[in-house]
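**Q** Structure below; questions to follow.
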Amino acid sequence: METTTKTTKYHVLQVALTDAEVAKINAEGHNAVARHARKIDIDLDILPLSEIRIEDYDHVADITTTGLNAVVNIGNSDDRFELDCVEVIIDNDDQGFASISKGDIVINSETGRAYRDTGYGWDKLEVSPEALQGILYKTEGRVQLTKEAA
């Protein structure tokens with residue numbers, strides 16, 4: 001587990017559904033949106049962790065702090081949107097940056113190491129920098145979401 005006294009920027013990735021995807025799931029059921037169904041099935045251990053697809057996730061926020069557990073503490077605080085250490089990337093009242101929970105992915109911006117929140121710890125993921133192309137990119141010093149919601 002990553003914990004230091006030095007602060008590092010961590011990229012937070014979540015499956016941030018669009019309003020259209022939510023409407024489709026509500027109308028057609030759990031499997032109507034593949035990326036949502038896959039995340040839920042992995043979270044429930046119906047599918048193995050090897051089925052995770054980084055492209056299913058959206059870059060929703062950056063949190064600058066001392067480690068993974070601090071990312072969770074900050075990401076779950078009621079005032080997370082007002083904290084200077086939090087930069088919200090997706091700002092959508094309905095489907096934007098939600099609290100950190102099981103299945104979310106956190107990436108250390110300095111090492112490129114990716115971790116999946118298990119709800120009680122972290123799974124280290126093997127994610128190549130190439131796989132993050134189109135999910136994370138730099139524009140005027142700010143990391144932005146670049147892919148269309150699938």
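**Q** Please verify whether I100 is at pLDDT 65 or above, under 19 Å from T65 (Cα atoms), touching a Phe, Trp or Tyr at 6+ places or on another chain (Cβ under 9 Å) and not polar (S, T, N, Q), treating the condition exactly as stated.
**A** Answer is no for this residue.
**Q** Need the failing condition index for H59 against (1) in a strand (DSSP E or B); (2) modelled with pLDDT of 90 or more; (3) within 15 Å of the chain's Cα centre (by Cα), just the number.
**A** H59 satisfies all of (1) in a strand (DSSP E or B); (2) modelled with pLDDT of 90 or more; (3) within 15 Å of the chain's Cα centre (by Cα) except (2).
**Q** Checking the structure you have, find out if any residue of region 70-77 is modelled with pLDDT under 90, surrounded by 15 or more Cβ atoms within 10 Å (Cβ to Cβ) and either of a type outside the set (A, V, I, L, M, F, W, C) or touching a helix residue (DSSP H, G or I) at 6+ places or on another chain (Cβ under 8 Å) (or both).
**A** No, region 70-77 has no match at all.
**Q** Residues in region 108-131: is at least one without any contact (Cβ under 8 Å) to a residue 60 or more places away in the chain, surrounded by 19 or more Cβ atoms within 10 Å (Cβ to Cβ), touching a Phe, Trp or Tyr at 6+ places or on another chain (Cβ under 6 Å) and within 26 Å of D19 (Cα to Cα)?
**A** No, region 108-131 contains no residue that is without any contact (Cβ under 8 Å) to a residue 60 or more places away in the chain, surrounded by 19 or more Cβ atoms within 10 Å (Cβ to Cβ), touching a Phe, Trp or Tyr at 6+ places or on another chain (Cβ under 6 Å) and within 26 Å of D19 (Cα to Cα).
**Q** Could I ask something else about it? Please find, within region 13-53, the residue that is surrounded by the fewest Cβ atoms within 10 Å (Cβ to Cβ) out of those that are hydrophobic (A, V, I, L, M, F, W, C), within 21 Å of Y120 (Cα to Cα) and touching a strand residue (DSSP E or B) at 6+ places or on another chain (Cβ under 8 Å).
**A** Among residues in region 13-53 that are hydrophobic (A, V, I, L, M, F, W, C), within 21 Å of Y120 (Cα to Cα) and touching a strand residue (DSSP E or B) at 6+ places or on another chain (Cβ under 8 Å), the one surrounded by the fewest Cβ atoms within 10 Å (Cβ to Cβ) is L49.
The values are calculated or read from the model by the stated rules, or taken from the named source; none is laboratory data. As the structure is a prediction and not an experimental result, all values here were calculated from the model. Here the Cβ is made from the backbone with ideal geometry for all residues, glycine too, and neighbour counts use every protein chain on show.
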